[in-house]
Amino acid sequence: MFDRVKAIIGGYIQRDDLEITLDTDVLGDLGINSLELVELVCAFEMEFDMDIPEKDIRGFLTVNDIVCYLEAAAA
Amino acid sequence: MLARMRREPLNDIEPIRDLRCLLERGARVFLGKTAFSELTHAGEIVEVGYDQLHDDVRAMGTALLERGYRGKRIALIGENAYAWILAYFSIVNSGITVVPFDKELSCDELVELMDRADVDALCHTAAHTAEALAAVGALHSQTGRAIETIDAGSLTSGGLAPDFLPFGRDELARGNDCYDRLEIDPQATCSILFTSGTTGTSKGVLLSHGNLTANIKGACELVLCGIEDVFVSVLPIHHAYEDMAGILSPLYYGCAIGFCPSIKMLPKCLEVFRPTALCLVPLYVETFHDRIMRAVKQSGREKQFAFAQGVCAFLQRFGLNVADKLLAEPRAAFGGRLELIICGGASLDPTYAPFYRSLGVNLIQGYGVSECSPIVSVNRNNEYKDDSIGRIVSCAEVRIDDDGQIWVRGASVMSGYLDEKDDVLVDGWFPTGDLGRVDEDGFLYITGRCKDIIVLSNGKNIMPQEVERCLVSCESIAEAVVVAGAETGNGSEHLVAHIVPDFESLDLSADEPEALAVAEERIRSEIKESNRKLVYYKRVAAYVLHTKPFEKTTTRKVKRFLLVGNLEGMRYV
């Protein structure tokens with residue numbers, strides 16, 4: 001799951017200088033704003049064929065939060 | 001000597017007595033015209049005409065009066081939707097006070113505000129039923145107060161206000177005229193808006209029909225729209241800016257308003273509703289700009305894009321608009337026919353305006369505060385200065401005091417704050433907390449702030465003390481001062497915390513070389529924990545560590561100005 005999430009984030013932010021880890025802070029480290037986070041989440045929705053409510057997005061502080069959320073939804 | 005800008009006469013706008021008159025006028029003047037639109041899950045458009053809006057509000061108002069709500073207070077929570085609008089107008093037009101809530105508030109915050117505002121009911125859209133029921137339950141268990149919930153329903157799924165609207169329609173059919181007979185007092189409070197206060201506790205701004213209708217007139221006199229205009233409502237609907245600039249003023253002009261219920265739906269809503277005008281905060285303006293430039297770069301057509309922009313900008317000087325032809329692709333991101341963006345809520349970098357204008361979109365800035373209903377100034381369609389926040393509305397006077405603070409007085413200024421004995425108004429003048437100046441052409445400029453409130457690019461106002469209290473409750477933090485991140489670009493949405501570690505409680509000595517590194521690890525982890533307790537826009541994105549206590553004034557207040565803008569050594573959480 002982490003690798004798929006990492007690939008989507010990498011494709012979105014297009015930055016070679018950043019190593020994405022589970023601890024990566026979504027807004028701070030990735031350098032995206034809350035609107036761009038929503039856009040990124042839409043990419044997760046397409047990849048994992050699921051709907052992520054907007055209020056759940058507010059809980060995505062780190063990459064680990066996203067991975068855990070997607071894993072729980074897939075279970 | 002510089003040539004003065006010629007002043008165009010104000011747009012001719014009729015005075016509106018109260019919000020009921022606004023709807024009655026709409027039903028009369030714009031009969032058969034669409035007022036609101038929503039998208040179903042299947043992507044179909046459902047429309048509501050000006051006459052239906054008036055009829056629905058009459059029916060729901062009748063039901064509210066019959067159920068004994070006259071003179072009471074009703075809180076309102078929901079997404080941008082017709083159900084929210086129906087509830088809002090039904091409440092205020094029935095002699096009831098509305099208390100709009102931010103749908104992002106936590107259950108505890110809702111309970112606190114419901115208690116403080118002493119509301120008698122919580123009205124919610126269908127999508128917010130669970131939150132409303134939880135909040136009302138929590139209010140009962142925490143305070144012993146039992147209040148009712150009112151389901152405003154949904155236009156596109158399950159029907160509108162199922163317990164009220166059909167009942168109200170039946171009453172009207174039976175000849176019940178209690179709503180029509182009710183006389184609205186234009187000066188009585190009809191709305192309590194909770195806003196950031198200067199002490200960290202939100203304050204309830206008391207606004208009347210007269211405040212709001214004066215502001216509608218003032219705003220419409222400056223910004224011209226027409227019945228062919230289509231708005232998409234995307235900013236939070238509980239906010240005074242969206243209400244005035246995105247709903248009430250467009251209703252005066254007979255515009256159509258399409259609702260965007262969530263940010264995720266925005267691209268679809270822009271594509272389907274194809275707006276001609278948008279009310280936005282800087283965050284959207286910056287993000288759309290970045291998105292367009294990213295697409296241009298990825299397509300490898302930067303030179304062609306710059307050339308097309310130049311041609312469009314040149315021909316616009318002669319009144320020729322060729323953006324639709326030369327820049328159709330970037331314009332398609334907004335639905336293809338966008339002509340006007342009104343940007344407010346926070347300071348916008350003036351360099352964005354020429355960019356948007358070259359795309360055929362007139363980007364103008366405005367300024368307001370909830371206490372002034374809210375618009376104080378706005379640039380005009382054909383009379384603008386990109387670094388200014390525009391001309392002052394006719395319903396308000398502005399003066400700048402010796403310290404540079406902007407004061408506002410007039411028909412749109414609130415009567416006061418909820419439950420505050422001390423009058424914040426001085427001879428009717430409201431101190432905005434913003435520093436500014438007025439130029440020789442009558443344009444207003446913001447030059448800074450004299451209150452601590454942080455205004456982020458998403459328009460959210462943050463009282464730093466609230467976040468700081470949360471931070472200093474962490475074991476590893478002795479002192480914290482929260483400031484805004486970078487002033488422009490995406491960083492402007494972020495908060496940065498200046499932190500002095502609590503070496504003592506960490507059992508460390510500040511003199512030890514390793515102490516700071518050890519403390520930092522703990523601080524970073526505790527900021528993350530602290531962030532989870534805060535609503536998303538109050539989260540701390542980065543920090544700057546200090547080894548010595550912050551410099552204080554003689555009254556032991558931290559000298560914040562020494563820390564604002566000083567982001568050296570900043571690290572992301």
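The values are calculated or read from the model by the stated rules, or taken from the named source; none is laboratory data. Bear in mind the structure is a predicted one, so any value in this text is a computation, not a measurement. Note that each Cβ is placed from the backbone with ideal geometry, even for glycine, and that neighbours are counted across all protein chains shown.
Are there strands (runs of 3 or more DSSP E) fully within region B:132-214 with at least 2 residues that are outside the structural domain of B:Val413 (by TED's automatic domain parsing), over 20 Å from B:Ile85 (Cα atoms) and in contact (Cβ under 8 Å) with a residue 24 or more places away in the chain? List them. Fully inside region B:132-214 and qualifying: B:203-208. Just so you know, in region A:61-73 the residues that are within 12 Å of chain B (Cβ to nearest Cβ) and at pLDDT 90 or above include one that is nearest to B:Lys533 (Cα to Cα), and it is A:Asp65. Among the residues here, B:Val281 does not qualify as touching an Asp or Glu at 6+ places or on another chain (Cβ under 6 Å), among the aliphatic types (A, V, I, L, M) and either over 19 Å from B:Val361 (Cα atoms) or not assigned by TED's automatic domain parsing to the domain that holds B:Phe101 (or both). Here B:Asp102 passes the criteria (1) touching a residue at least 40 places away in the same chain (Cβ under 8 Å); (2) part of a loop (DSSP other than H, G, I, E, B); (3) out of contact with any His (no Cβ under 6 Å at 6 or more places or on another chain); (4) more than 20 Å from B:Ile257 (Cα to Cα) except the one numbered (3). Within region B:267-294, the set of residues being basic (Lys, Arg) and in a helix (DSSP H, G or I) comprises B:Lys268, B:Arg291, B:Arg294. Within region B:288-304, at least one residue is surrounded by fewer than 20 Cβ atoms within 10 Å (Cβ to Cβ), farther than 26 Å from A:Ala43 by Cβ and out of contact with any Ser or Thr (no Cβ under 9 Å at 6 or more places or on another chain).
Of the strands (runs of 3 or more DSSP E) lying entirely inside region B:321-421, none contains at least 3 residues that are out of contact with any Cys (no Cβ under 6 Å at 6 or more places or on another chain), of a type outside the set (A, V, I, L, M, F, W, C) and more than 30 Å from B:Ile192 (Cβ to Cβ).
Scanning region B:218-266 for residues that are of a type in the set (D, E, K, R) and assigned to a loop (DSSP other than H, G, I, E, B), we see that the one that is surrounded by the fewest Cβ atoms within 10 Å (Cβ to Cβ) is B:Glu228. Taking the stated definitions as given, is B:Gln298 more than 14 Å from chain A (Cβ to nearest Cβ), over 15 Å from the mean Cα position of the chain (by Cα), among the polar types (S, T, N, Q) and over 18 Å from B:Glu47 (Cα atoms)? Spelling it out, it is not the case that B:Gln298 is more than 14 Å from chain A (Cβ to nearest Cβ), over 15 Å from the mean Cα position of the chain (by Cα), among the polar types (S, T, N, Q) and over 18 Å from B:Glu47 (Cα atoms). When region B:1-53 is examined, which residues are found to be touching a residue at least 24 places away in the same chain (Cβ under 8 Å) and among the small types (Gly, Ala, Ser)? Scanning region B:1-53 gives B:Gly26, B:Ala27, B:Ala35, B:Ser37, B:Gly43. Of all residues in region B:506-549, those satisfying the criterion of being in a loop (DSSP other than H, G, I, E, B), away from every other protein chain (no Cβ under 12 Å) and surrounded by fewer than 13 Cβ atoms within 10 Å (Cβ to Cβ) are B:Asp507, B:Ser509, B:Asp511, B:Glu512, B:Pro513, B:Glu514, B:Thr547, B:Lys548, B:Pro549. Evaluated against (1) out of contact with any strand residue (DSSP E or B) (no Cβ under 8 Å at 6 or more places or on another chain); (2) within 10 Å of chain A (Cβ to nearest Cβ), B:Tyr572 falls short on exactly one condition, (1). Taken as a whole, the structure places B:Pro374 among residues that are crowded, with 20+ Cβ neighbours inside 10 Å and within 25 Å of the chain's Cα centre (by Cα). Within region B:41-51, the set of residues being closer than 17 Å to B:Leu86 by Cβ and under 27 Å from the mean Cα position of the chain (by Cα) comprises B:Val46, B:Glu47, B:Val48, B:Gly49, B:Tyr50.
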